[in-house]
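The values are calculated or read from the model by the stated rules, or taken from the named source; none is laboratory data. In this text, all values refer to a predicted model and were calculated from it rather than measured experimentally. No Cβ is skipped: glycine too gets one built from the backbone with ideal geometry, and neighbour counts run over all protein chains shown.
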C-alpha cells in the first residue's frame, strides 16, 4: 500500500470517495486524525501560563466517529476562577455554578463560588471540521509546576467522547487513551536558576543531586568505550513540574563486531528507559525498546529528537539550562561508560558550535521541518518534495509535492519541536487565513508576505500544484507530531 503525504492531510468530503480516501496509507491516516478520538485529542491552545488572567481555548478537532458533535462540556478545575464563556453562534451556553473548595481574593473581594462547568449545546460540529470553545477566567492560588486539568466531553446524539483521564504523578499523559487537557502553571515571575518553587510543593528549585552549574556548552568531549565513540551528548531543560525528558547523542562503532546499548541510569531521575519514536496506525508514538538499541559494526547510531533517545523518567527536580546531568550507559560488549550531559535550552535541536552549543536560524529550522515531513510521509516508491519552507519565529509554511499532488502545511514550533498545525492550499499564503489559524496579525502578515516572496522562484505550474489542495484540515501539536517529552 502506497504512502502519501496528501492522504495525511486530504479533507474528507462528498467529493472524495471512500476508495480515494483510503487509496494510500496516509489517506487512511487522515481517517484516523479526523475520525478516531484516540488520535485527535481535545487540547488547550495554550497549555502553560502564569497565574492571572487566562483564556482557555479548547480545540475540538472532530466529532464522534462520523457523527457531528452537538454538545461540548468543559469541567473547570479548582484554581480557575471567575470564568466567563464566549458565546458561539448557533450554540446555547449553560453555566453550572457551585462553591469553590476555598475562598479566593478577587481584586480585593472574597470569591467563594463561581462557574464549575460550561456546556455548549444545540450546535453542530461535523466530524471533518474543527472548532474552538473559549472560556475567560483567572488562575489563582495555584503553585508553580502544578497542572490544572480541564476534563472535556463531546456528545454526538447518543454517543460521547470524554477526554477526562488525569495522569498519575510522574505518568506520561500521552500514554493515556483519553487524556484530559492540561494546563501547566509557570512562575509568576522569571526566576533565576536555583530559586523559585520547584515541583509545586513549595520547596525551592534546586538542580538534581548529580548536576552542577556550568557555562554555555559549545561542545562536549568524545567519550570512548571499547570500539565505541560517543559524541554530541546532551539533554534539554524542563518546565517546572515536568517529570520526563529525553537524552541524545551519537554512537559510532569503529569495531568489527556489533554492540548494543542495553541500559541507561542516573541519580537525577527515578529511572531511565531506551525509547524510539515510530508511526503506529498513522500516528507518531513513543515505544520502549526492551531489547536495547543496536549499534552495528562500522556504523553510527544517532539518538536525536523525534527518533531514538534515552528517557529520563520520574525526574524529581526538573533540569535547568546550563546544568550538567551525569548518565551511565551500559553496552552489551563495551560495558559501562559515564557521560556528563549538558542541559541545553528547551527548544534545542542538538549540539553545535557557538551560541551556547546550539544551532539557530531559519536554515536549521528548514532542514528539521523537511526531515520531520519526510520521515513521516515519504516512502521509496513515493518521494516527497518539500519546497519552499518559510519560517517566521515559531511558525512556518512548507510547500509539498508528491505523486502529482501538492499543498501547503502550516507548522508550529513548540517545546518539543516542529509539528504540523494544519494542512491547506492557497489559503496558507494569505494573512487572513494565517491569523485565523492562531498567528498574531503582525506575524500572519509577515509570514504571508515571506511565503509569497519565497514562491516567486517557483514555476507557475508548481505554484498551481501547491494551491490545488482542496479544503483545510486542522491537526494540532501532539496529533501529527506525537510524544510530548522528546
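Picking from residues in segment 404-420 that are more than 17 Å from residue 367 (Cβ to Cβ) and touching a helix residue (DSSP H, G or I) at 6+ places or on another chain (Cβ under 7 Å), the one that is modelled with the lowest pLDDT is 405.
Applying the selection to segment 144-163, what residues are over 18 Å from residue 46 (Cα atoms) and either touching a residue at least 60 places away in the same chain (Cβ under 8 Å) or in contact with a strand residue (DSSP E or B) (Cβ under 6 Å, 6 or more places away or on another chain) (or both)?
If we filter segment 144-163 for residues that are over 18 Å from residue 46 (Cα atoms), which is where we start, we get 153-162.
Correct list: 153, 154, 155, 156, 157, 159, 160, 161, 162.
For segment 51-58, does any single residue satisfy the condition of being modelled with pLDDT of 90 or more and closer than 23 Å to residue 473 by Cβ? Looking through segment 51-58, at least one residue is modelled with pLDDT of 90 or more and closer than 23 Å to residue 473 by Cβ.
The residue pairs whose first member lies in segment 46-66 and is on the phi > 0 side of the Ramachandran plot and buried (at least 18 other Cβ atoms within 10 Å of the Cβ), whose second member is part of a strand (DSSP E or B) and modelled with pLDDT of 85 or more, and whose beta carbons are closer than 6 Å, counting only pairs six or more residues apart or on different chains, do not exist in this structure.
State whether the residues of segment 303-310 include one that is part of a strand (DSSP E or B), surrounded by fewer than 21 Cβ atoms within 10 Å (Cβ to Cβ) and on the phi < 0 side of the Ramachandran plot. Checking segment 303-310: not a single residue is part of a strand (DSSP E or B), surrounded by fewer than 21 Cβ atoms within 10 Å (Cβ to Cβ) and on the phi < 0 side of the Ramachandran plot.
Selection of first residues in segment 226-247 that are within 15 Å of residue 265 (Cα to Cα) and of second residues that are surrounded by fewer than 21 Cβ atoms within 10 Å (Cβ to Cβ) and at pLDDT 90 or above, restricted to Cβ pairs under 7 Å at least 6 apart or on distinct chains, gives the following pairs, ordered by first then second residue: 244/313. Every condition in (1) touching a strand residue (DSSP E or B) at 6+ places or on another chain (Cβ under 6 Å); (2) part of a strand (DSSP E or B) is met by residue 238 except one, and the failing one is (2).
Output yes when any residue across segment 350-359 is within 19 Å of the chain's Cα centre (by Cα), buried (at least 17 other Cβ atoms within 10 Å of the Cβ) and modelled with pLDDT under 80, and no when none is. Quick ask: steps written out before the conclusion?
From segment 350-359, those within 19 Å of the chain's Cα centre (by Cα) are 350; that's our starting set.
Those left that are additionally buried (at least 17 other Cβ atoms within 10 Å of the Cβ): 350.
From the residues that got through so far, the ones that are modelled with pLDDT under 80 too are 350.
Yes: one or more hits.
A count restricted to segment 143-167 and to residues that are surrounded by 15 or more Cβ atoms within 10 Å (Cβ to Cβ) and outside any loop (DSSP other than H, G, I, E, B) stands at 12.
Among the residues of segment 429-455, the one identified as surrounded by fewer than 17 Cβ atoms within 10 Å (Cβ to Cβ), in contact (Cβ under 8 Å) with a residue 12 or more places away in the chain and closer than 15 Å to residue 471 by Cα is 430. Checked against (1) closer than 23 Å to residue 52 by Cβ; (2) in a loop (DSSP other than H, G, I, E, B), residue 115 meets all criteria but (2). Quick one: in segment 421-432, which of the residues that are over 17 Å from residue 47 (Cα atoms) and in a strand (DSSP E or B) is modelled with the highest pLDDT? Checked segment 421-432; the qualifying residue modelled with the highest pLDDT is 424. Checking 69, 24, 92 one by one, the residue that is surrounded by 19 or more Cβ atoms within 10 Å (Cβ to Cβ), modelled with pLDDT of 90 or more, over 24 Å from the mean Cα position of the chain (by Cα) and over 21 Å from residue 147 (Cα atoms) is 69 and no other. Filtering segment 311-331 to residues that are modelled with pLDDT under 90 and on the phi > 0 side of the Ramachandran plot leaves only 322.
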